Amino acid sequence: MKYFLTILLLAAILGVSVGFYIRSADPVLGEFLIGISIATTFFVTMPIFIYHRWKNRNVKDYMLTKENIEKMRDYTKDKKL
């Protein structure tokens with residue numbers, strides 16, 4: 001998964017670079033390459049990256065529930081912050 005994400009990101013960066021290079025000769029094709037590369041980055045690479053980073057975590061650990069707020073208060077009282 002890590003290598004797949006790296007390859008996708010490098011392909012998107014390469015696509016944007018080639019798009020800027022080609023844009024001077026053919027503006028339509030250059031802007032198309034830039035647009036496709038950026039869209040791929042945000043609609044394909046980012047969701048896969050987010051899934052990869054969060055797949056084995058419990059979301060409740062990061063939510064502000066009453067129990068977690070109490071834990072934070074107890075922690076600050078113990079540390080006297």
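Of the residues ILE7, ILE48, which is part of a helix (DSSP H, G or I) and surrounded by 12 or more Cβ atoms within 10 Å (Cβ to Cβ)?
It is ILE48.
Closer than 16 Å to ALA12 by Cβ, among the aliphatic types (A, V, I, L, M) and not in a loop (DSSP other than H, G, I, E, B) - does that describe any residue in the stretch 57-66?
No: the stretch 57-66 contains no residue that is closer than 16 Å to ALA12 by Cβ, among the aliphatic types (A, V, I, L, M) and not in a loop (DSSP other than H, G, I, E, B).
Which numbered condition in (1) outside any helix (DSSP H, G or I); (2) within 23 Å of the chain's Cα centre (by Cα) is the only one that GLY19 fails?
In the conditions (1) outside any helix (DSSP H, G or I); (2) within 23 Å of the chain's Cα centre (by Cα), GLY19 misses (1) alone.
Determine, yes or no, whether TYR51 is modelled with pLDDT under 95 and either within 20 Å of MET1 (Cα to Cα) or out of contact with any Ser or Thr (no Cβ under 7 Å at 6 or more places or on another chain) (or both).
When the stated conditions are applied, TYR51 passes them.
Can you find a residue in the stretch 55-72 that is in contact with a helix residue (DSSP H, G or I) (Cβ under 7 Å, 6 or more places away or on another chain) and closer than 25 Å to MET1 by Cα?
The answer is no; no qualifying residue exists.
The values are calculated or read from the model by the stated rules, or taken from the named source; none is laboratory data. Please read these numbers as outputs of a predicted model, since none were measured by experiment. Using ideal geometry, Cβ is built from the backbone for each residue, glycine included, and neighbour counts are taken over all protein chains shown.
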